[in-house]
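Before any comments, here is the structure.
The values are calculated or read from the model by the stated rules, or taken from the named source; none is laboratory data. Keep in mind that what you see is a predicted model, and the values were worked out from it rather than measured. A quick note on method: Cβ atoms are made from the backbone with ideal geometry, for glycine too, and the neighbour counts reach across all protein chains shown. Areas reflect the complete protein model, heavy atoms only, side chains present, ligands, DNA and RNA absent. Shrake-Rupley method; radii C 1.70, N 1.55, O 1.52, S 1.80 Å.
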Amino acid sequence: MASLKEKIGYALGDAAAGGITWKVMSIAFPLFFTNVFGLTVADTATLMLIARMFDVVTDPLMGSLADRTQSRWGTYRPWLIIGAIPLGLIFALLLYTPDFGITGKRIYAYTLYLLMMAVYTAVNVPYGSLLGVMTDDDNEKNQFSSFRMVGAYAMGFITLLSFPYLQKMVGGTPQHQYAVLGASLGALAAAMTLACGLLTKERLKPVRAESFSFKPFVDLFKNKPWIFLTLIGICTNFFNGFRYAVAGYLMEYCLHGDVTVSGLIINYTVFMTFGEVTCMIFGGVSPAFTKKVGSKKKAFTIAAIICLVTSIAFFFVPMDPKYIWVMVAIVILTSIGVGLYSPLLWSMYADVADYATEKNGTSSTGLIFSSGTMAQKFGTAISGSLVALLLGLSGFISGTNDAGETIITITNEEAVRNMIWALFSLFPAAIILIMLYLLYKYPIKK
């Protein structure tokens, strides 16, 4: 039986990865790159697309490498312990805006973003794989997965809620604010990742295929549950990716800047914070909810339907700051669905890993979980890239002038505002419809 300390330790891993680094990358990076760093919309979109092609190779290779690791710390934990400091350092450098020209900024952003993706993979693929070797009890897996999601959403809540107040406290230019916050949050993420590696235990020994072989990769594409679950994972991250990537633009261009209500500054990070705290609460409720409805698949389906209905409802809210609390209410309702299904996804990956081990005779836990991380990065970054691309097509132009200053031009304000609104509501709703079909076809019933 795992202790509460270990479950909290495991939660710290996703508090760092999901609650700090990935949350900031998801919600702040598109707006940061275009409006603060000074990349063009085309550069921002291309950067995220190139990074995704990079991850298609690195994620499964990392999963296979992690499966074959042997050390005094175990199979997966050493990657967290060794990778903690590089994760925090590169994240901090990525939020720094160097005093370079257009070409220099482009090279800096591409280099650091690809390095960030590589180190995130080296830490987060083994982190996810830990779930498969800490316990063989299905109920305890759900508990670990729930702690993981609560940790991610709790830290996401703290990060996003505090962001505008921390910016105000730091002062200076936006470039200075992001650089200071990047260094502070990077150090915190490194400490949490290291604590996760030190506090968790690997109780189960993987059935290893010691020599490298392409057979596990071939077996993966014969694994029907894996195919459907990976596509479902991509959909969940497309759904969140669109909403998080466009939230900053929504506040800036649809609601004309931050909304202040009774002293509360509602900027784009705070706007999404209401969803974070809801996800945290319902992530904790998810195991009991799943037990009540009878299966993970059924619980996931109900949660997805909640997201579908609320996403469509948001589209019909008037684009006016005086309706901010209606918008917040819908974000909260949507996040009930997200909170319920998020822990289930990782618990279902553990089911798929068990299925693969039983079918093939050797463990491919790291490889299986690497697809979850790949789906996370693929869905989030491609959606962020599409947001930049579609905003560009609708009339949003960004870039850096000869003096190194960031410039923004909007050629069609109405088209840009309508595109932003649809990207936050109708596009995610369409993704949920696809996800519901994939859930219907997903073959594992437990």
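Listed values, structure above:
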quantity	calculated
Qualifying residue in region 51-69 (condition: closer than 26 Å to LEU390 by Cβ and modelled with pLDDT of 80 or more)	no
In region 151-162, the residues that are open to solvent by 10 Å² or more (accessible area, probe 1.4 Å) and over 14 Å from ALA16 (Cβ atoms)	PHE157, LEU161, SER162
Criterion: in a helix (DSSP H, G or I), modelled with pLDDT of 90 or more and farther than 30 Å from PHE163 by Cα - qualifying residue of ILE227, ILE232	ILE232
Residue selected from region 100-115 under the condition surrounded by fewer than 20 Cβ atoms within 10 Å (Cβ to Cβ) and touching a helix residue (DSSP H, G or I) at 6+ places or on another chain (Cβ under 8 Å), by the criterion modelled with the lowest pLDDT	PHE100
Region 391-411 - residue that is crowded, with 20+ Cβ neighbours inside 10 Å and part of a helix (DSSP H, G or I) and, of those, modelled with the lowest pLDDT	LEU391
Filter pass, ILE332 being open to solvent by 40 Å² or more (accessible area, probe 1.4 Å) and either farther than 18 Å from ASN237 by Cβ or part of a helix (DSSP H, G or I) (or both)	yes
Pair list, Cβ < 9 Å and 6+ apart or interchain, from region 150-171 residues that are without any contact (Cβ under 8 Å) to a residue 40 or more places away in the chain and on the phi < 0 side of the Ramachandran plot to residues that are crowded, with 18+ Cβ neighbours inside 10 Å and not in a helix (DSSP H, G or I)	GLN167/ASN267
Counted residues, region 36-76 - those being within 28 Å of GLY101 (Cα to Cα) and in contact with an Asp or Glu (Cβ under 6 Å, 6 or more places away or on another chain)	0
Subset of region 294-322 (residues that are surrounded by fewer than 17 Cβ atoms within 10 Å (Cβ to Cβ) and either modelled with pLDDT of 95 or more or under 27 Å from VAL259 (Cβ atoms) (or both))	ILE302, ILE305, VAL309, ILE312, ALA313, PHE315, PHE316, VAL317, PRO318, MET319, ASP320, LYS322
Pick from region 244-277, criterion assigned to a helix (DSSP H, G or I) and open to solvent by 10 Å² or more (accessible area, probe 1.4 Å), ranking: nearest to GLY384 (Cα to Cα)	TYR244
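Each row is one residue, and each column tells you yes or no for (1) part of a helix (DSSP H, G or I); (2) in contact with a Pro (Cβ under 9 Å, 6 or more places away or on another chain).
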residue: THR44; (1), (2): yes, yes
residue: LEU47; (1), (2): yes, no
residue: ILE50; (1), (2): yes, no
residue: THR58; (1), (2): yes, no
residue: GLY74; (1), (2): no, no
residue: PRO78; (1), (2): yes, yes
residue: PRO86; (1), (2): yes, no
residue: TYR110; (1), (2): yes, no
residue: LEU114; (1), (2): yes, no
